[in-house]
Amino acid sequence: MAQYYIFHKPFNVLSQFSAEGEKKTLADYFTGLSKNVYPVGRLDYDSEGLLLLTDDKPLTHYLLDPSFAHPRTYWVQVEGLITNEAVQQLTKGVVITIDGKQYRTKKAAASIFLDDPIVSERNPPIRFRKEIPTSWIALTLTEGKNRQVRRMTAAVGFPTLRLIRYAIGDVTIDGIAPGEHKIVDESVTTLLMGKR
């Protein structure tokens, strides 16, 4: 029977089990897992949030194949008070540079949080500068280019300070603290894949 784990990856943890210098890895949070259980996709070392680990190969294929364009929702804290105009640009797609080439991102869903979302403290916290306000947006993408969210917010003039993957499909990190995981059953595949 396939195994499924929803993990809330903390800041400054690699999305892999293999050691890399002194950096923390998934091995610091999981013990005794089957060797066939792997993280599906990755979150950058300096990003936080939802990471799925499973040995379900069809699900892994679905989530990693760009042609299925499954939604991923990020909560993004940016430098400055983001404007509606910038959010509209993110929604329509912006030009970013990937591997030295210009790339226009696909349409996305983007909205500004009227009140800051309730999120866990980050360790270490972001650098606080009293003279520069920050704001939060929710950004839902159906593609996953390298450091795409950071490149997109920078392209509209609001650099990313903190990046949390809140959801994949209809699966969220609600109720799971950073560094903790939840074991779920195969019914999670419906939430991840949606109605196809």
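The values are calculated or read from the model by the stated rules, or taken from the named source; none is laboratory data. Computed from a prediction, not measured in an experiment: that's the story for all the values here. No Cβ is skipped: glycine too gets one built from the backbone with ideal geometry, and neighbour counts run over all protein chains shown.
In the stretch 91-115, the residues that are farther than 20 Å from SER67 by Cβ reach residues that are assigned to a loop (DSSP other than H, G, I, E, B) with C-beta atoms within less than 7 angstrom, at least six apart or across chains, in these pairs: THR91/LYS107; THR91/ALA108; LYS92/LYS107; VAL94/THR105; VAL94/VAL156; ILE96/THR105; ILE112/ILE82. Is it fair to say GLY80 is over 15 Å from ALA154 (Cα atoms) and over 19 Å from the mean Cα position of the chain (by Cα)? So GLY80 does not fit the description; no. Within the stretch 122-174, being part of a loop (DSSP other than H, G, I, E, B), among the aromatic types (Phe, Trp, Tyr) and surrounded by 13 or more Cβ atoms within 10 Å (Cβ to Cβ) holds for one residue alone: PHE158.
Looking across the stretch 9-28 at every residue that is part of a loop (DSSP other than H, G, I, E, B) and in contact (Cβ under 8 Å) with a residue 60 or more places away in the chain, the one that is surrounded by the fewest Cβ atoms within 10 Å (Cβ to Cβ) is identified as PRO10. Say whether the condition of being loosely packed, with under 15 Cβ neighbours inside 10 Å, modelled with pLDDT of 95 or more and not in a loop (DSSP other than H, G, I, E, B) is met by at least one residue in the stretch 71-81. For the stretch 71-81, residues loosely packed, with under 15 Cβ neighbours inside 10 Å, modelled with pLDDT of 95 or more and not in a loop (DSSP other than H, G, I, E, B): absent. Quick one: in the stretch 35-69, of everything that is of a type in the set (Asp, Glu) and within 17 Å of the chain's Cα centre (by Cα), which residue is farthest from MET1 (Cα to Cα)? Per the stated criteria, the residue is ASP46.
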